[in-house]
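The values are calculated or read from the model by the stated rules, or taken from the named source; none is laboratory data. All values reported here derive from a predicted model rather than from experimental measurement. For neighbour counting, all protein chains shown are included, and Cβ atoms are generated from backbone atoms with ideal geometry for every residue, glycine included.
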Amino acid sequence: MQKKILILVDFLNFLRSDLYKCSTLNLDTVKSVLSKNGYEVEIKSFQDILNSKVKPKNYIIWYSSSDFISYKNYIEDILLYLQEDNILIPPFEMFRAHENKGYQEILRRKLDLPLLESHYFGTLSELHQIIDNIDFPLVLKHVEGSGSLKVQLIKNSNQLIKRVKKESKVKSFLINLSKNYLKRYVFTNRYSYDNSLESVYYKNYVLQKYIPGLVSDWKVLVFYDKYYVLERFPKRNDFRASGSGIFSYREFDFKLLDFCKDIFVKLNNPWAGFDVVKSEEKYHLLELQGIYLGPATLLNSPYYFIKQNDRWIKIEERSDLSTEYAESIVKYLTANSDS
């Protein structure tokens, strides 16, 4: 098993998985936990990698993401450069799913995760192709964003089309419309009919089945074998519980943990976050996170759960976020080396 871990930090030397986006995990704690478990640890920045004449090889590389799209794209370029010769933690697919509800839908299908009825499209014309197969009401989600931002309840097809048109116009809407008109009716010797049908509504969305009558949802964080559960409640006259700030650590049915454990095993990741709801008949996975988990659930929890001998056990103990991240990597690597 590889015993060299390279931690990649950003321009502020941050490994950004802490509670606040402008802070970092404690690198001293992380390095101490990994070193005690026999790993050689190096810490470098993304820019160090680009400035080096020698490409890192045969490392386990631990990195984080960014909420800034341009910097996230920069990180993605470097990860694609590194992944052929190293092991990325989390795996690249988890990075791709960060702030990307569209790719989360694709990942659900790939890994055969519990699939709440959904649709994914990138232009208004693609929406028109599927709209006859859509059941209302539904939830319209921008692919980016967290905490229920840019999530809307849509009651019928007219409202859906109107909303998508309003939000997905290209910046130079009238100019693009004019160009398409000229292609179709004036410069017919230069452009084909197909060229003239170019969309002026570009934006990708996820449509997800709306489950009525919900009084709460659960945020479940998994740090390898430790499960932290927070129940969240919506504000008055709102259907969204995520981001409301109203929550509880009250008792719940352990079938919720079984549901999350089945998903976690399929992800093959040291940690994960799940947004889960329950209808009358079963649990449903709304969203998942494999990076940038939103750690308030762990930080505020006075206990966590582990499964022993097919029983869920509550451990009344506070957890340190940096320690849990590092220990989860150790457990993950140990389990994968034994398999």
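Things to note:
- Of all residues making up region 57-73, the number that are in contact with a strand residue (DSSP E or B) (Cβ under 6 Å, 6 or more places away or on another chain), in a loop (DSSP other than H, G, I, E, B) and more than 17 Å from S23 (Cα to Cα): 1
- Cβ-Cβ contacts under 7 Å between residues 6 or more apart (or on different chains), taken from a first residue in region 247-270 that is within 17 Å of E281 (Cβ to Cβ) and not assigned by TED's automatic domain parsing to the domain that holds A296 to a second residue that is modelled with pLDDT of 95 or more and in a helix (DSSP H, G or I), are absent.
- Residue within region 49-56 that is crowded, with 17+ Cβ neighbours inside 10 Å, in a strand (DSSP E or B), touching a strand residue (DSSP E or B) at 6+ places or on another chain (Cβ under 7 Å) and in contact (Cβ under 8 Å) with a residue 12 or more places away in the chain present: no
- All positions within region 258-302 that are in a strand (DSSP E or B) and touching a Pro at 6+ places or on another chain (Cβ under 6 Å): L285
- Qualifying residue in region 137-145 (condition: more than 27 Å from F233 (Cα to Cα), surrounded by fewer than 17 Cβ atoms within 10 Å (Cβ to Cβ), at pLDDT 90 or above and not assigned by TED's automatic domain parsing to the domain that holds D275): no
- Checking every residue in region 57-71 against the condition of being outside the structural domain of E144 (by TED's automatic domain parsing), without any contact (Cβ under 8 Å) to a residue 12 or more places away in the chain and under 23 Å from the mean Cα position of the chain (by Cα) gives at least one match.
- Residues considered: L88, L111, L107, L82. Of these, the only one that is among the aliphatic types (A, V, I, L, M), more than 30 Å from L50 (Cα to Cα) and in contact (Cβ under 8 Å) with a residue 12 or more places away in the chain is L111.
- Within region 77-96, the residues that satisfy the criterion of being surrounded by fewer than 16 Cβ atoms within 10 Å (Cβ to Cβ) and assigned to a helix (DSSP H, G or I) are D77, L80, Y81, F92.
- Odd one out for L138 among (1) more than 24 Å from L6 (Cα to Cα); (2) in contact (Cβ under 8 Å) with a residue 60 or more places away in the chain; (3) out of contact with any strand residue (DSSP E or B) (no Cβ under 8 Å at 6 or more places or on another chain): (3)
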